[in-house]
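J.: Pasting a structure below so you can have a look.
The values are calculated or read from the model by the stated rules, or taken from the named source; none is laboratory data. Bear in mind the structure is a predicted one, so any value in this text is a computation, not a measurement. Ideal geometry is used to build each Cβ from the backbone, glycine not excepted, and the neighbour counts take in all protein chains shown. Remember, those area values only see protein heavy atoms, side chains included, never the ligands or the DNA or RNA. Shrake-Rupley method; radii C 1.70, N 1.55, O 1.52, S 1.80 Å.
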Amino acid sequence: MNQRYCIDLANYERFPSRVVMIGDIPLGGGHPIRLQSMTNTNTMDLKATVAQSKRIFDAGADFVRITTPGIEEAKFLSEIKKQLHKDGYKKPLIADVHFNPKAAEIAAEIVEKVRINPGNYVDPRARFKQKSMLDSEYKQELERMHERLLPLIRICKENGTAIRIGSNYGSLSDRIMNRYGNTAEGMVEAAMEFYRIFHVENFTQLVLSMKASNPAVMVKACRLLNARMMDEGVSFPQHLGVTEAGEGEDGRLRSALGIGALLSDGIGDTIRVSLTEAPEKEIPVAQSIVETFINKQSGVYRMPIYAPFYDAFQQPDRSNLPYDLKYPIVVADLRKAALIDTEILKALAYTYDKEMEIWLPGKRSPEMLIVTKRNSPMQPVKAHLFCEGQEGDKSWCKTALHKAEHITAKSNPEAIECQFDDFDEYQLAEICENHKPLFFLNANSEHPIGELRAFLLRLGKYQSQCPVFFNLIQNQTNPIQLASNSGAILIENQIAGVMFQASDKSEAKAKNQLAWDMLQSAGTRRTKVEFISCPGCGRTLFDLENTVQKIKEAFGHLGELKIAVMGCIVNGPGEMLDADYGYIGAGNGKVSLYKGQNAVLKNIPESEAVEALTNLMKKHNDWKEA
C-alpha cells in the first residue's frame, strides 16, 4: 500500500486516536496501551471462569474477554461479573460474540464491552451461495444489517457499553468476498460498513480491529484501516493482535513482530497476544512488547516522511542484486570473535566435509560472514566472506568491507558499513552510479525502522541494485523487544538480509537461531515447519496445549510446511487459509483433518488423528521419516 497511514514514517509518534471509555478505563487518546486476554474455560463453569479471569487480572491485564457463543452464556456473564466484583475484581469484562446478535444484546446490558465480527454477526461466514451481487442487492444487504444492529446500538447507548468491530482474515461474508475476496481490503471494508451504520446512529464508543494469523496480512489490514479512517476524518482506537500465533518462542516472536510493527508507527491502543498456553501467560509477553515503546521519544530526528514511497507489501525487485539474493539472508558479523574455529562454525550450523575439506552450510547457516585478517577462518567455509579493512586479503577473502568514514569520491567500495545518515542522496548517487556496493547498515537510535526508511529514500532507484543488510541484533538481549522494535523492518521485506554480531560460540548460536526464527515468523524466509494454533476458548473440546505439543513432536522434523492446529470448527477453517494441513476440533473427542482448505477426513477419533495426518501427508508426498 502507498497511502498515508501514520503521522510520520521516519520518526516515532503515536497516532492520536479518540478516547473510548471501557467501563471506567479510558482507551486511546494517548492513554497507556491497554492489555487484555481471553478465557478458554467453559463459560458456564463459574468457578473455572472466575478463577482464570482473576489470574489474568493478577498478571496485569486491564480487560478480560469471555467467550459468549450463545444466549445462555450471555446471561451467565452476570454471575461471573457478580462473583468477580464480590472478590474485589472490578476491571471491565468483554463479551466475545460470533453469529448471535441476541447474545450480543444480552451481554451489552451486563459487561462493559462487546466484540462483534462483521463477517458473521448478521451473516454466516462466506459460503458463496451467491456468486455475484448487483449494486441494488448490495444496498439491500446493508439496509438489512443496519436494521439488525439497531437493538444492539440502543442497548449500548443506554448502558454505556463499548463495541469492538473485529474483522478476521478468513471470516468474511459473501457480500464482502464477492467484491474484495479474502483480502486486507475486504477485512477493512467489512469493518467500515459496520462503522458507517454506527456513525449514522451517532454511536462513537467504538474500537476496531483487523486480525490474521499471518503477521504481514494483519499489519497490512491495520495500516489500511488507519488510512481509511484518516480519509474519512475519524480516529477510533485499534485493538492489535496476531491470531493463532501458536505457543513457545515462535508464537511470541510472531506476535511481537506483528504488534510491534504497528506500534512502531504509532498505531494501536490495546493489544492481545494469542498463545496456545494458559491465557495469563500472554500478559507478560504483552507487557514486554509495550515496554519497548513506553519511553520511546516522539520528535523529529530525521527528515519526516509522510507517505510511503514504496509498497511495503509488494515483493521488491531482487533480480538485479548480486550474490543471488532472491530471499533475505542472514549475515554473521564475527569480527569480535577471538578465533573462527570449529566450535563457532558448528554453532552456526555448518558441517565439515572431510572429502572436500570445506565447511558446508546447513539450511539455517549464515550465507555471509564478516571477519578480520586477524581472525580469519582456520579452514575454508562455503560462504561469502567480507574482511574488514580497506584492502582485505585477496588470497582468502575476496571482498573488503569499508567503513563509511574511509569512503571518498574516488572510492570503488565493494561493501560499506555505515549508519543511515553517513551519506546524503547525492553522495549515494555518486557511489552507486558506476559501482554497486553492498551496504551494511547499523542502527544508531531507538527507532530503527525510521532509519531504514530514511536510508532507502536516499538510496532511491539504486535500492534494486545495491543490497542493504540491517544490523537488527546488536545489544538487545530481550528477543520479544527486539522483534517488537524490528517487526516492521522484517515484514516490509525491503532489505537483502539481517546481520548480527557475535564474539563466541554461544552468542553465535543464539543470535543465528533468533535471526532465522524472526525471518520465518515474519513470513519472508521459511526454513522449518511452521505451526500455528489458536489460544483456545470455551468452544474448544480437547486439550489444545498438549495436542499442539503432540503435533510438533510428530511433524516437527518435516520440511517447510505450515500446519495449523485449531480448537473448533467455528473459526478454524477461516484462520488457517494459507496452511498446508489443518487439525481442527470437530466435537467432543473428534477431529477433522484438512489439506489446504479441503476437509479430507471428518469427525475422526482424536486418538487416531496423528496417524491419519501422517498417512495424509504420505499421500501428498509431504512425509519423510525423522
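Every residue, every condition in (1) of a type in the set (Lys, Arg); (2) assigned to a helix (DSSP H, G or I); (3) within 29 Å of the chain's Cα centre (by Cα), yes or no:
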| position | (1), (2), (3) |
| --- | --- |
| Glu73 | no, yes, no |
| Tyr89 | no, no, no |
| Lys102 | yes, yes, no |
| Ala107 | no, yes, no |
| Val114 | no, no, yes |
| Pro118 | no, no, yes |
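J.: Follow-up. Would you please name the residue that is surrounded by the most Cβ atoms within 10 Å (Cβ to Cβ), looking only at residues in region 262-310 that are of a type in the set (A, V, I, L, M, F, W, C) and farther than 17 Å from Arg34 by Cα?
T.: Our first condition is that a residue be of a type in the set (A, V, I, L, M, F, W, C); within region 262-310, this holds for 262-263, 267, 271, 273, 275, 278, 283, 285-286, 289-290, 293-294, 300, 303, 305, 307, 309.
So of that shortlist, the ones also farther than 17 Å from Arg34 by Cα come out as 275, 278, 300, 303, 305, 307, 309.
Values: Leu275: 26, Ala278: 16, Val300: 10, Met303: 12, Ile305: 18, Ala307: 11, Phe309: 12.
Per the criteria, the residue is Leu275.
J.: Quick one: what pairs do we get from region 603-617, first residue more than 14 Å from Ile563 (Cα to Cα), second open to solvent by less than 40 Å² (accessible area, probe 1.4 Å) and of a type outside the set (A, V, I, L, M, F, W, C), C-beta under 6 Å, 6+ apart or different chains?
T.: Glu606/Gly589
J.: Name the residues in region 28-55 that are out of contact with any Phe, Trp or Tyr (no Cβ under 9 Å at 6 or more places or on another chain) and either over 21 Å from Asn226 (Cα atoms) or assigned to a strand (DSSP E or B) (or both), would you?
T.: First, pick out the residues of region 28-55 that are out of contact with any Phe, Trp or Tyr (no Cβ under 9 Å at 6 or more places or on another chain): 29-32, 38-42, 45, 47-48, 51-52, 55.
Correct list: Met38, Thr39, Asn40, Thr41, Asn42, Asp45, Lys47, Ala48, Ala51, Gln52, Arg55.
J.: Scan region 155-177 for residues that are out of contact with any Phe, Trp or Tyr (no Cβ under 8 Å at 6 or more places or on another chain), in a helix (DSSP H, G or I) and open to solvent by 10 Å² or more (accessible area, probe 1.4 Å) and report the count.
T.: Qualifying residue count for the region: 3.
J.: Now for a different question. Go over the candidates Thr399, Thr351, Thr342, Thr372 one by one and state the one that is open to solvent by 70 Å² or more (accessible area, probe 1.4 Å) and either within 21 Å of Leu441 (Cα to Cα) or at pLDDT 90 or above (or both). Give the steps one after another, and end with the answer.
T.: On the way: Thr399 fails: open to solvent by 70 Å² or more (accessible area, probe 1.4 Å); Thr342 fails: open to solvent by 70 Å² or more (accessible area, probe 1.4 Å); Thr372 fails: open to solvent by 70 Å² or more (accessible area, probe 1.4 Å).
One residue alone meets the criteria, Thr351.
J.: I've got another one for you. Please go through (1) touching a strand residue (DSSP E or B) at 6+ places or on another chain (Cβ under 8 Å); (2) in a loop (DSSP other than H, G, I, E, B); (3) closer than 25 Å to Arg453 by Cβ for Val330 and return the number of the only condition it doesn't satisfy.
T.: Unmet for Val330, out of (1) touching a strand residue (DSSP E or B) at 6+ places or on another chain (Cβ under 8 Å); (2) in a loop (DSSP other than H, G, I, E, B); (3) closer than 25 Å to Arg453 by Cβ: (2).
J.: A further question follows. Would you confirm whether any residue within region 574-582 is open to solvent by 70 Å² or more (accessible area, probe 1.4 Å) and free of Cβ contacts under 8 Å to residues at least 24 places away in the same chain? Full working, then the answer.
T.: Just the residues of region 574-582 that are open to solvent by 70 Å² or more (accessible area, probe 1.4 Å), to begin with: none.
Taking every residue of region 574-582 in turn, none turns out to be open to solvent by 70 Å² or more (accessible area, probe 1.4 Å) and free of Cβ contacts under 8 Å to residues at least 24 places away in the same chain.
J.: Cβ-Cβ distance below 8 Å, separation of 6 or more or different chains: which pairs start in region 450-474 with a residue that is among the polar types (S, T, N, Q) and end on one that is part of a helix (DSSP H, G or I) and modelled with pLDDT under 95?
T.: That search, which allows pairs on different chains as well, returns Gln465/Cys432.
J.: Looking at region 511-560 only, could you name the residues that are open to solvent by 60 Å² or more (accessible area, probe 1.4 Å) and in a helix (DSSP H, G or I)?
T.: Applying the first criterion (open to solvent by 60 Å² or more (accessible area, probe 1.4 Å)) to region 511-560 yields 513, 523, 526, 541, 543, 545-546, 549-550, 553, 560.
Within region 511-560, Gln513, Glu545, Asn546, Gln549, Lys550, Glu553 qualify.
J.: Could you pull out the residue among Leu93, Leu84, Leu152 that is buried (at least 22 other Cβ atoms within 10 Å of the Cβ), closer than 23 Å to Pro26 by Cα and over 31 Å from the mean Cα position of the chain (by Cα)?
T.: Values: Leu93 fails: over 31 Å from the mean Cα position of the chain (by Cα); Leu84 fails: buried (at least 22 other Cβ atoms within 10 Å of the Cβ).
Only one candidate passes the filter, namely Leu152.
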